[in-house]
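Engineer: Structure below; questions to follow.
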């Protein structure tokens, strides 16, 4: 039965225009062909070029957002003379460290539009990139444990629906039907009173998102340069002119910073002080078990979020550590707290074992919404402040940031997410509004 | 040799105690001291399970935590445990184990058909297919998920419980092998407080697997003596069956101790417990883990680590096979050959990658009559379900190919050794750096960032005599570094050093045809990752070791690649043409070192203890009164008190009317109370509240709004001046801790010069609030030293006096619009005063009321609830509360109130809503639109924050935040729901007693 997956229908109607000619196409037939010669003829998914002295655009940060930006700059705006500079290996920051949840059930109109655009791009991304990112629309459930949780949840579901995004409220009985292993006992410390469910939401293979975008961008001629750390910004008057890196000076009239926890560090090199705080955020996985958890569960009061990867591991995360840090590790007691919450929601997981635990650095803005913006320096653009929720935004973030860089003006999607809003006060406050506290 | 594979003598097993167990339904037996793996080997069971991806038959490969293959489902029912390494299960009577990831049995597995398609499904194949049609991923995923996943989770809650311990010590020593033991002896003899931790059930480490001589006596006798000495030292604690699994900042080490009599239960004790140890010094004597040679089909049942084969013979008295071929690149494996020979097991040959091995051990092997095939390699393994023989060929000069004709040797076990990897996991957790030793092909700990030492095999010291010496030296040194000044001059124990020749590093053992064309060289058997997978990853540009790991899943199984990672790295380096795997770098080691039970990490913080329940002093009265509870933060608060068969709505009606018409009584003890004292208390209040506090007279109260820096309302409450330098601040129930933290953060970081102290007194006081027209009459009965007239005790003031014989602070603060007394008495008198009031109040119709009634009554008056009428986006003017904002002084958030967005006139503002039908209650959280006709996305102009049925008005009421709402009074708005849309009229948000006449009774 498993092999059914290998017998794919003939790929009719595949628009090859979206793939650049240089890209070797992936399909079951390509796999079959290559199996005959021991897979020795596969091309590199992306090249490893030396940096040129000058580009039209430099993207600093080779995570999902940066690579998506480069991809959409090339594909949507025809700008292909681009370098993506990554100080380590692409996708090695928060792209490869998150719990892979994708949803668009945000309260505020501005956020809902941005995350919904992302979700819609995710829905066709495997096909567009010809790289299976395994977007599994298994549904995301946000639990409510108190009267005020329920009130907030209803407010959100009403708003989300009026924004044209799917969302529904589940009773405790419906939750139990969908997810029999969850503890819905009214005797529990914080009994589950209800949940919202976004069926189109789900999880994806996070590394594949970075790799797929890298391959796509590379096929359009984008240079992805790894192990290249930016050490300084070059300015002339009010304009940006290039960067100093560990691989020398590289010039470009437009530079986009997409560096998550280190965005504020890079912006400071250009003399801009960003209102971002960097914190460790931890995540972990259990040992692999046979499928038992069909969707994604997020709870704020019993603070943990849980899904099961295709490999069978339970993927777990929750809130940030309470102190600032740039090290990609966190405190032990935070792990203990999350697993207590896990056992409360899923008592049968108590006997499973934790296999791996790690941390990432998240950049949190004052209103817990991103900054996707021009800056006072001409040609210098910022894409950061995604906090704990950046993975789900990867395509939309890259898509609108590409627009902002190419046109030197924000798209209406990211127009609200300016740097100016911290001066004007037009905040998009997701602290209070998000299902999980940022 | 007896029937089966048990040797006639030897081992640490108790042959008098026979233990029966069941494997895949088949009855078997072993001895006390066996592991499940040794008992299965003794019974001749070769295939334990099937592999993760290709479903290849797999057997026992190792002897400890590094085992990648022999995973079982242990026990059935609520205590079942998936994915347990048979090598780590101490055998007990009645044990039940089953194979995982195979159906119907490990011998005949339906999914092994996947093995036929292996060429179609190399590393990362799933990224290249399953994409069409776009909607079909869900379908593919279903099958992929069911094919993956190994064992099964229990289906019932965990019957066992877990504990936590906290400990401090001078020196924590991880690993009780020869280096760790001598370190412990060295440190304790110096007088240090020592904790010695080892994952095995007894001390000794790898020595338990050997027969060596220490101080002229068998190593086991030396171990006993060492144990006795440490056991008799008061300041030494030995924790066996305890794994140090994580090394965190500031020498904080997490341990997991297994306490139950068997793997699966606690037997009344906590099954496991987590130790959180803070050590002044840490000694990492974590030993080394053997790595195999990577040759064609090196995953067949019967291919085992050489050290493991020796361990099974020495420790468990089990011969891994009847004819054991040794395949090595180093001298240590010769010890295995010699041990087997001595035990009477046939050793057809030792195949050595090196030419002319000439070390002492090789000479001994020749003397023992073992044939040595030098400069040779195993090029083929015969027998897909268990080794039956091998082909051996000569290596060419460079070692990347084979020459000559193959020679076939029959054997049933291949004991392979590719050297030993120091166990540097904990060193790496702590942030320590590693360095690659090119000669030996191993990663060694280098720079440390914490106060620790690596010693013994963990530090690349493999000879027993050197380990004993180094351990003693480091133990003493660690004690000195921990501040222990006394010296001990005791010498390290000695052992004869056996000189060993260098090993030959050959990361891939070549075969006659190109690698992986006909056979597979496995690197990570747990995740079925082969050499060609790594080569493919590198070819496709996944050239960083982190990319290769993620692309191929190398080292990501529960064993975390303990036997395969170094080879994986070396193979990648080879493909990339960097000779030095050190340059490629390791992937980051992540805690935990070995998997840790989630329930143990949760400890006691589960079930009712998941979060402390906070109870007011009158909690039990409410309980007896049969109230419904509401969770407010950690507090339990009475929600309402249903009488007879009343439902919640009826109860709230009754309670509301009682307060409006007679008198109600509320337990408001959960309100946050912060005692603020000091000459600069007024300055602090002025900074954190929006209004001004200088003018507040003693014994008077004032309402204040607290903003965050962005100008948004963060908390509110009434603060009373008790004396010139002394205030009592009240906060919302849910925010009390955050407000105190907020004050402390500002005081400690920005205003350390202010002379003021803040102390939480929330739990020191019971707050009993009586309100309603009869409140004053009732209170009169209980006090003779407080004048309750409006003139001498006006609203928003406080009087101290005696209530029901108890010293009390009585506040005239009203949240209901009625005359109201908040009676604060010391918490221990709360119940006394409460019951006295209840008893005396009967004649007035006193009615206890809960949070829901409180909310209805305050909503009738248009009073806000922070967190309900506010959501972090609301500034004072939005709520029409600019009266509480001083224009003269500065305060936190003031600057933000003059931002352009704060000045906009179309901000959401607090309004009241009335429905046409008085019984229609608008849904809280309902969104509000200006138009009735809807298309998505629909512009929303606001939402409903509070909505109730007002019994006294006979009409539903609602509060809402609506854009420019104050200009919309009298207009109609719409509340679209899933099935209908409700019309409502915008009005002023005060519904009842608009002039506030009831406040004074």
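Engineer: Name the residue, out of A:107, A:143, A:119, that is within 24 Å of residue A:175 (Cα to Cα), more than 8 Å from chain B (Cβ to nearest Cβ) and at pLDDT below 95.
Structural biologist: Values: A:143 fails: at pLDDT below 95; A:119 fails: at pLDDT below 95.
Matching residue, one of A:107, A:143, A:119: A:107.
Engineer: While we're looking at this one, here's another question. Across region A:146-166, which residue is nearest to residue A:197 (Cα to Cα) among those that are surrounded by fewer than 24 Cβ atoms within 10 Å (Cβ to Cβ) and facing chain B (nearest Cβ under 7 Å)?
Structural biologist: That would be A:154.
Engineer: Any residue at all in region A:124-131 that's away from chain B (no Cβ under 11 Å), more than 15 Å from residue A:64 (Cβ to Cβ) and crowded, with 24+ Cβ neighbours inside 10 Å? Don't jump to the end; show me each part of the working.
Structural biologist: At the first step, the residues of region A:124-131 found to be away from chain B (no Cβ under 11 Å) are none.
No, region A:124-131 contains no residue that is away from chain B (no Cβ under 11 Å), more than 15 Å from residue A:64 (Cβ to Cβ) and crowded, with 24+ Cβ neighbours inside 10 Å.
Engineer: Oh, and also: Can you spot a residue in region B:407-414 that is crowded, with 21+ Cβ neighbours inside 10 Å and either at pLDDT below 95 or more than 30 Å from residue B:340 (Cβ to Cβ) (or both)?
Structural biologist: Scanning region B:407-414 turns up no residue that is crowded, with 21+ Cβ neighbours inside 10 Å and either at pLDDT below 95 or more than 30 Å from residue B:340 (Cβ to Cβ) (or both).
Engineer: Can you pull out every residue in region A:167-195 that is more than 9 Å from chain B (Cβ to nearest Cβ) and without any contact (Cβ under 8 Å) to a residue 24 or more places away in the chain?
Structural biologist: A:171, A:172, A:173, A:174, A:176, A:177, A:180, A:184, A:185, A:186, listed by residue number.
Engineer: Separate question: Please go through region A:414-437 and pick out each residue that is within 13 Å of chain B (Cβ to nearest Cβ) and at pLDDT 90 or above.
Structural biologist: A:416, A:418, A:420, A:421, A:422, A:423, A:424, A:425, A:426, A:427, A:428
Engineer: Read through the list (1) touching a strand residue (DSSP E or B) at 6+ places or on another chain (Cβ under 7 Å); (2) at pLDDT below 95; (3) away from every other protein chain (no Cβ under 14 Å); (4) at negative phi, then give the number of the only condition that residue A:319 fails.
Structural biologist: (1)
Engineer: Can you spot a residue in region B:863-870 that is closer than 21 Å to residue A:106 by Cβ, in contact with a strand residue (DSSP E or B) (Cβ under 9 Å, 6 or more places away or on another chain) and part of a strand (DSSP E or B)?
Structural biologist: Checking region B:863-870: not a single residue is closer than 21 Å to residue A:106 by Cβ, in contact with a strand residue (DSSP E or B) (Cβ under 9 Å, 6 or more places away or on another chain) and part of a strand (DSSP E or B).
Engineer: Let me ask something additional. In this structure, does residue B:599 turn out to be in contact with a strand residue (DSSP E or B) (Cβ under 6 Å, 6 or more places away or on another chain), away from chain A (no Cβ under 13 Å) and at negative phi?
Structural biologist: Criteria not met by residue B:599.
Engineer: Among the residues of region B:885-914, how many are farther than 20 Å from residue B:961 by Cβ and surrounded by 19 or more Cβ atoms within 10 Å (Cβ to Cβ)?
Structural biologist: Matching residues across region B:885-914 total 2.
Engineer: If I filter region B:104-111 for residues that are in contact (Cβ under 8 Å) with a residue 12 or more places away in the chain, facing another protein chain (nearest Cβ under 8 Å) and either more than 30 Å from residue A:214 (Cβ to Cβ) or buried (at least 22 other Cβ atoms within 10 Å of the Cβ) (or both), do I get at least one hit?
Structural biologist: Checked region B:104-111: at least one residue is in contact (Cβ under 8 Å) with a residue 12 or more places away in the chain, facing another protein chain (nearest Cβ under 8 Å) and either more than 30 Å from residue A:214 (Cβ to Cβ) or buried (at least 22 other Cβ atoms within 10 Å of the Cβ) (or both).
Engineer: When you scan region A:174-182, do you find a residue that is in contact with a strand residue (DSSP E or B) (Cβ under 9 Å, 6 or more places away or on another chain) and under 28 Å from residue B:922 (Cβ atoms), even just one?
Structural biologist: yes
Engineer: Among the residues of region B:220-244, how many are touching a strand residue (DSSP E or B) at 6+ places or on another chain (Cβ under 7 Å) and outside any strand (DSSP E or B)? Break it down into steps so the answer makes sense when it comes.
Structural biologist: Step one: of region B:220-244, the residues touching a strand residue (DSSP E or B) at 6+ places or on another chain (Cβ under 7 Å) are B:222, B:230-231, B:235-239, B:241-244.
Add one more test, that the residue is outside any strand (DSSP E or B), and what stays is B:222, B:230-231, B:235, B:241.
Counting residues in region B:220-244 that are touching a strand residue (DSSP E or B) at 6+ places or on another chain (Cβ under 7 Å) and outside any strand (DSSP E or B) gives 5.
Engineer: Which residues, counting only those in region B:602-616, are surrounded by fewer than 17 Cβ atoms within 10 Å (Cβ to Cβ), more than 7 Å from chain A (Cβ to nearest Cβ) and over 16 Å from the mean Cα position of the chain (by Cα)?
Structural biologist: B:609, B:612, B:613
Listed here are the residues, each with its yes/no results for (1) more than 27 Å from residue B:631 (Cβ to Cβ); (2) over 43 Å from the mean Cα position of the chain (by Cα); (3) away from chain A (no Cβ under 14 Å); (4) part of a strand (DSSP E or B).
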position	(1), (2), (3), (4)
B:682	yes, yes, yes, no
B:691	yes, yes, yes, no
B:694	yes, yes, yes, no
B:717	no, no, yes, yes
B:729	no, no, yes, yes
B:748	yes, no, yes, no
B:766	no, no, yes, yes
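Engineer: Confirm whether residue B:545 is over 27 Å from residue A:226 (Cα atoms) and touching a helix residue (DSSP H, G or I) at 6+ places or on another chain (Cβ under 8 Å).
Structural biologist: Here the answer is no, as residue B:545 does not meet what is asked.
Engineer: Can you give me the ranges of the helices (runs of 4 or more DSSP H) entirely in region B:542-613 with at least 2 residues that are under 30 Å from residue B:295 (Cα atoms)?
Structural biologist: B:545-552, B:565-576, B:581-584
Engineer: Does residue B:592 count as surrounded by 23 or more Cβ atoms within 10 Å (Cβ to Cβ), away from every other protein chain (no Cβ under 13 Å) and modelled with pLDDT of 95 or more?
Structural biologist: Spelling it out, it is not the case that residue B:592 is surrounded by 23 or more Cβ atoms within 10 Å (Cβ to Cβ), away from every other protein chain (no Cβ under 13 Å) and modelled with pLDDT of 95 or more.
Engineer: Okay, moving on. Can you report the number of residues in region B:74-99 which are in contact (Cβ under 8 Å) with a residue 40 or more places away in the chain, within 14 Å of chain A (Cβ to nearest Cβ) and more than 21 Å from residue B:562 (Cα to Cα)?
Structural biologist: 9
Engineer: Looking only at region A:282-301, filter to residues that are part of a loop (DSSP other than H, G, I, E, B) and within 7 Å of another protein chain (Cβ to nearest Cβ); which one of those is farthest from residue B:141 (Cα to Cα)?
Structural biologist: Residue satisfying both the conditions and the ranking: A:287.
Engineer: Somewhere in region B:170-183, is a residue within 27 Å of the chain's Cα centre (by Cα) and at the interface with another protein chain (Cβ under 8 Å from one of its Cβ atoms)?
Structural biologist: No; the residues of region B:170-183 include none that is within 27 Å of the chain's Cα centre (by Cα) and at the interface with another protein chain (Cβ under 8 Å from one of its Cβ atoms).
Engineer: Out of curiosity, is residue B:581 within 8 Å of chain A (Cβ to nearest Cβ) and closer than 30 Å to residue B:545 by Cβ?
Structural biologist: For residue B:581, the condition - within 8 Å of chain A (Cβ to nearest Cβ) and closer than 30 Å to residue B:545 by Cβ - is not met.
Engineer: All but one of (1) farther than 20 Å from residue B:876 by Cα; (2) surrounded by 23 or more Cβ atoms within 10 Å (Cβ to Cβ) hold for residue B:705; which doesn't?
Structural biologist: The single condition residue B:705 does not satisfy is (1).
Engineer: Restricting to region A:25-79, what's the tally of residues that are in a helix (DSSP H, G or I) and free of Cβ contacts under 8 Å to residues at least 60 places away in the same chain?
Structural biologist: Residues in region A:25-79 being in a helix (DSSP H, G or I) and free of Cβ contacts under 8 Å to residues at least 60 places away in the same chain: 9 in total.
Engineer: Among (1) assigned to a loop (DSSP other than H, G, I, E, B); (2) modelled with pLDDT under 95; (3) farther than 30 Å from residue B:67 by Cβ, there is one condition residue B:631 misses while meeting the rest; what is its number?
Structural biologist: (1)
Engineer: Just for region B:915-949: of the residues that are more than 19 Å from residue B:855 (Cβ to Cβ), free of Cβ contacts under 8 Å to residues at least 24 places away in the same chain and within 12 Å of chain A (Cβ to nearest Cβ), which one is surrounded by the most Cβ atoms within 10 Å (Cβ to Cβ)?
Structural biologist: If we take residues in region B:915-949 being more than 19 Å from residue B:855 (Cβ to Cβ), free of Cβ contacts under 8 Å to residues at least 24 places away in the same chain and within 12 Å of chain A (Cβ to nearest Cβ), then B:940 is surrounded by the most Cβ atoms within 10 Å (Cβ to Cβ).
Engineer: What's the number of the only condition in (1) within 14 Å of another protein chain (Cβ to nearest Cβ); (2) surrounded by 23 or more Cβ atoms within 10 Å (Cβ to Cβ) that residue B:290 fails to meet?
Structural biologist: With (1) within 14 Å of another protein chain (Cβ to nearest Cβ); (2) surrounded by 23 or more Cβ atoms within 10 Å (Cβ to Cβ) applied to residue B:290, the lone miss is (1).
Engineer: Quick check: is even one residue across region A:184-191 assigned to a loop (DSSP other than H, G, I, E, B) and under 30 Å from residue B:132 (Cα atoms)?
Structural biologist: No, there is no match, as no residue in region A:184-191 is assigned to a loop (DSSP other than H, G, I, E, B) and under 30 Å from residue B:132 (Cα atoms).
The values are calculated or read from the model by the stated rules, or taken from the named source; none is laboratory data. Keep in mind that this is a model prediction, so the values were computed, not measured. A quick note on method: Cβ atoms are made from the backbone with ideal geometry, for glycine too, and the neighbour counts reach across all protein chains shown.
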